[in-house]
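Accompanying notes for the structure given below.
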Amino acid sequence: MGTFHDDKGELHGMTVVVRTHGPRVYVGRCDTRTDEGIVLMDVDQHDDGQDGKTTADYLDFAVKYGVFKKHDMLRVPAGEIADVSRLGELR
């Protein structure tokens, strides 16, 4: 039987997509989500148009092949978050 972290939220341990109100999107493993924001582990980030790829192109690649982490841990403040969803839901 595994370890349960009921205090960390339903997305704990899941790979999620965090869309911001700006051009940036984050993909990482959710550690904790609170009213203050979300803490992600093993995180990649993409700005729309970066490297000639739209956010849709980037997320399509992430669904198929995963991401290359740029941050071990990252906190995204609640005020910057437009949406949080599981990466697997994009399939």
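Every number in this text was worked out from the coordinates using simple rules, so none of it is lab data. Predicted, not measured: the structure shown is a model, and the values here were computed from it. Glycine gets a Cβ as well: all are built from the backbone with ideal geometry, and neighbour counts include every protein chain shown.
Structural remarks
- 0 to 90° range, to nearest 10: angle between helix 55-65 axis and the chain longest Cα axis: 60
- The 3J(HN,Hα) values that the Karplus relation (6.51, -1.76, 1.60; θ = phi - 60°) gives for the stretch 10-20 are, in residue order, 5, 8, 3, x, 8, 7, 10, 10, 10, 8, 9 Hz. Gly and Pro appear as x.
- Distance between modelled label sites at residue 65 and residue 48, nm, 7 Å Cα→Cβ extension: 2.3
- Within the shell of other residues whose beta carbon sits under 15 angstrom from the beta carbon of residue 50, the net charge comes to -2, with Lys and Arg scored +1 and Asp and Glu -1.
- Where only alpha carbons of the chain are counted, the Rg and the Dmax (Å): 12.9, 45
- Set of aspartates and glutamates near residue 64 by C-alpha distance (under 13 Å), chain-local residues within fewer than 8 positions excluded: 89
- Other residues whose C-beta falls under 14 angstrom from the C-beta of residue 22 contribute a net charge of -2, scoring Lys and Arg +1 and Asp and Glu -1.
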